[in-house]
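S.K.: Quick one: the structure is below, and I'll ask about it shortly.
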Amino acid sequence: MNGIADADESDEALLARLFEVFEQTDPVPAHLLDGARALFGLRRLDEELAELVRDSAEEPGRLLTVRGEGDVRLISFETGPVTVELQVTERGAVRDLVAQVTGTGLARAEVETPRERQAIAVEDSVFTLDGVPAGLLRLRLLTSSGRDLVTSWVRV
């Protein structure tokens, strides 16, 4: 029995060493890690998905410029009677967000990126967040009736 335990320990040491070698010689690209983290978020399938229905970036000539502050992008998500309108203002490598939820009351909101989740103060179903890094994000919402909603991932 002792030999089997020793073999298991040496296998773990070998795998750890192989991981180090691969990490140094051929690391996983950051964008693949971001995508994998985003997919890992699918583990909470009990949440209702608010799907992307409109994105002004997909419509030619539809990005707006606001007094030298950068392009403004309008994104809409829907699930049943609930609509989430998201305004994204580009400022270099960061984005400023303004969101409004209609069709339900809102108790809590969070902005999730592949690296972190940040709670946001909500007032009358409207919330704002400045300085979000460009990249993937989604919104997590808790309605006043207790429903969990999450938007699909979108690259901003």
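S.K.: Could you please find all residues in region 92-101 being modelled with pLDDT of 95 or more and open to solvent by 50 Å² or more (accessible area, probe 1.4 Å)?
M.R.: Passing the criteria: Val98, Gln100.
S.K.: Give region 73-85 a look and list any residue that's under 17 Å from the mean Cα position of the chain (by Cα) and farther than 15 Å from Gly135 by Cβ, or say none.
M.R.: Of everything in region 73-85, those that are under 17 Å from the mean Cα position of the chain (by Cα) and farther than 15 Å from Gly135 by Cβ turn out to be Leu74, Ser76, Phe77, Glu78, Val84, Glu85.
S.K.: Take the conditions more than 18 Å from the chain's Cα centre (by Cα), over 25 Å from Ala36 (Cα atoms), free of Cβ contacts under 8 Å to residues at least 12 places away in the same chain and open to solvent by 40 Å² or more (accessible area, probe 1.4 Å) and apply them to Glu123. Does it pass?
M.R.: Yes.
S.K.: Go through (1) of a type in the set (Lys, Arg); (2) without any contact (Cβ under 8 Å) to a residue 60 or more places away in the chain; (3) open to solvent by less than 30 Å² (accessible area, probe 1.4 Å) one by one and return the number of the condition Arg108 breaks.
M.R.: Just one mismatch for Arg108, condition (3).
S.K.: Can you tell me which residue in region 131-156 is nearest to Asp34 (Cα to Cα), limited to those that are in a strand (DSSP E or B) and among the charged types (D, E, K, R)?
M.R.: Taking region 131-156 first, the residues in a strand (DSSP E or B) are 131-133, 136-143, 148-151, 154-155.
After this cut, where a residue has to be among the charged types (D, E, K, R) as well, the list is 138, 140, 148, 155.
Values: Arg138: 13, Arg140: 18, Asp148: 23, Arg155: 11 Å.
That would be Arg155.
S.K.: Another question, then. For region 71-91, enumerate the residues that are touching a Gly at 6+ places or on another chain (Cβ under 8 Å) and open to solvent by 10 Å² or more (accessible area, probe 1.4 Å). Spell out the reasoning first.
M.R.: At the first step, the residues of region 71-91 found to be touching a Gly at 6+ places or on another chain (Cβ under 8 Å) are 80-83, 89-91.
Of everything in region 71-91, those that are touching a Gly at 6+ places or on another chain (Cβ under 8 Å) and open to solvent by 10 Å² or more (accessible area, probe 1.4 Å) turn out to be Gly80, Pro81, Thr83, Thr89, Glu90, Arg91.
The values are calculated or read from the model by the stated rules, or taken from the named source; none is laboratory data. Just so you know, these numbers come straight off a predicted model, no measurement behind them. Note: ideal-geometry Cβ built from the backbone for every residue, glycine included; neighbour counts use all protein chains shown. Just the protein is used for accessible areas: all its heavy atoms, side chains included, with ligands, DNA and RNA removed. Shrake-Rupley method; radii C 1.70, N 1.55, O 1.52, S 1.80 Å.
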